[in-house]
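The values are calculated or read from the model by the stated rules, or taken from the named source; none is laboratory data. The shown structure was predicted, so the numbers you read here are calculated from the model rather than taken from an experiment. Cβ placement follows ideal geometry from the backbone for every residue including glycine, while neighbour counts extend to all protein chains displayed. Surface accessibility is based on the protein's heavy atoms, side chains included, excluding ligands, DNA and RNA. Shrake-Rupley method; radii C 1.70, N 1.55, O 1.52, S 1.80 Å.
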Amino acid sequence: MAFLFGRSKARSNQELTRSTKDLILKLIAEDKPSQKIEEEVARNLGQMKVILQGTPELDVSPDQVFQLVNLLVTEDLLRVLAENIHRLPFESRKDTQTIISNVLRYKQPGEDQPIALQYIITTRPEVIIALCNGYDRRESAMPCGGILKEALKHDAVTALILYDEPSLHGQPLDLGSIDTDQPASGQGVFWKFFDWIDKSLFEVSTDAFDTFRQILVRHKPMVAKYIDTNFDLFFDRYNNILIKSESYVTKRQSIKLLGEVLLDRQFYEIMTRYVESGDNLKLIMWQLKDDRKMVQYEAFHVFKIFAANPNKSPDVKRLLTMNRQRLLDFLPNFLADRTEDDQFSDEKSYLIKQIKLLPQTPQQPRTASQESSK
């Protein structure tokens, strides 16, 4: 490490960033990865990591950190790393995660926003999109997911993901020009998460779901507006891909997240729209009959929103009434072994009382002539 600190700091950092970028570009051009190039990249990334976070024996130099962060930005190395992290050896992928996460956290004294983040938002949103696309490959999923979870603390990063759309002209997304009332095409990077969660290997799926959850719950007013604008498209995919998933973990986590969202007052408008639908109620009632208890348990917390709603839509009220006796036979013994869960027992008892109050037969819709004779 002595050579890093024995020469001009600016020059050594500049050489380090340019050398790393050139080496990665060579890796891209190689048909078969070169071990020598991989070792040189690993050495450079290891040096960058030490400069940014130090070691137990070596404190960081604020000047060195400032220079390196700026060079990673101005040399466009953040984008190159994000787009090609899957090409790197395992330890280098871990170092890249550490480097980019540190860079996205770095703020100068007195500044509100990290330098690199401001640059990405205004000039290089492709970095965030590339990190999301890291879920396309097992090799890049975990390090990219780790960086994203750090970046999603900032609402602008959530906006970049939500409002990403394919561009015919390759122009970066300008957050200032977004029309939040314009429906999404369903082709942007956010919509890829449904397939990444449902169709990927277990560890990729699990990490993608965790990032998806962070997108939905960290900046709720923004996300509530987005879902409201894209309500039908969003819940078509959520219901049919996630809740109907053949994966036990995906199904259970998706139903749990749905319950959390619907019960959050910042998603009140979303909740009222969702529980108006008889089709949504049917889907959740089917999950109550799943042979896995945790799926049943999470489904119960969504079902109770339908059943306890004092302003049930005609479709929901008719469906509950048609199944009134079945529900009264089913619910008393539903998850009967949860004897120590007092809140669950109380909620189940309350729902049984509410269902008993329903008419015993569905009421027929009034005809136009009946309405006019009133």
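Annotations
- All conditions but one from (1) in contact (Cβ under 8 Å) with a residue 12 or more places away in the chain; (2) among the hydroxyl-bearing types (Ser, Thr, Tyr); (3) open to solvent by 40 Å² or more (accessible area, probe 1.4 Å); (4) more than 22 Å from ALA151 (Cα to Cα) apply to SER245; the one that does not is (3).
- Selected residue (criterion: farthest from LEU152 (Cα to Cα)) from residues of the range 92-115 that are not in a helix (DSSP H, G or I) and not small (Gly, Ala, Ser): PRO109
- Residue check, GLU260 assigned by the TED database to the domain that holds PHE190 and in contact (Cβ under 8 Å) with a residue 40 or more places away in the chain: no
- Lone unmet requirement of (1) farther than 30 Å from PRO33 by Cα; (2) of a type in the set (Asp, Glu); (3) touching a residue at least 40 places away in the same chain (Cβ under 8 Å) for ASP59: (3)
- Only residues that are within 25 Å of TYR135 (Cβ to Cβ), part of a helix (DSSP H, G or I) and of a type outside the set (A, V, I, L, M, F, W, C) were counted across the range 39-91, and they come to 7.
- Answer residue from the range 179-194, given it is surrounded by fewer than 14 Cβ atoms within 10 Å (Cβ to Cβ) and touching a helix residue (DSSP H, G or I) at 6+ places or on another chain (Cβ under 9 Å) and is farthest from ILE129 (Cα to Cα) among those: ASP181
- Residue in the range 210-229 that is assigned to a helix (DSSP H, G or I) and touching a Pro at 6+ places or on another chain (Cβ under 7 Å) present: yes
- Scanning the range 303-341 for residues that are β-branched (Val, Ile, Thr) and in a loop (DSSP other than H, G, I, E, B) yields a count of 1.
- Between GLN113, GLN171, the distinction of being in contact with a helix residue (DSSP H, G or I) (Cβ under 9 Å, 6 or more places away or on another chain), farther than 19 Å from TRP196 by Cα and open to solvent by 10 Å² or more (accessible area, probe 1.4 Å) belongs to GLN113 only.
- Of all residues in the range 284-302, one or more are part of a loop (DSSP other than H, G, I, E, B), within 22 Å of LYS353 (Cα to Cα) and not assigned by the TED database to the domain that holds ILE215.
- Residues (among the hydrophobic types (A, V, I, L, M, F, W, C) and either at pLDDT below 95 or open to solvent by 40 Å² or more (accessible area, probe 1.4 Å) (or both)) located in the range 121-147: ILE121, MET142
- Meets criteria (surrounded by fewer than 20 Cβ atoms within 10 Å (Cβ to Cβ) and of a type outside the set (Gly, Ala, Ser)) for GLU269: yes
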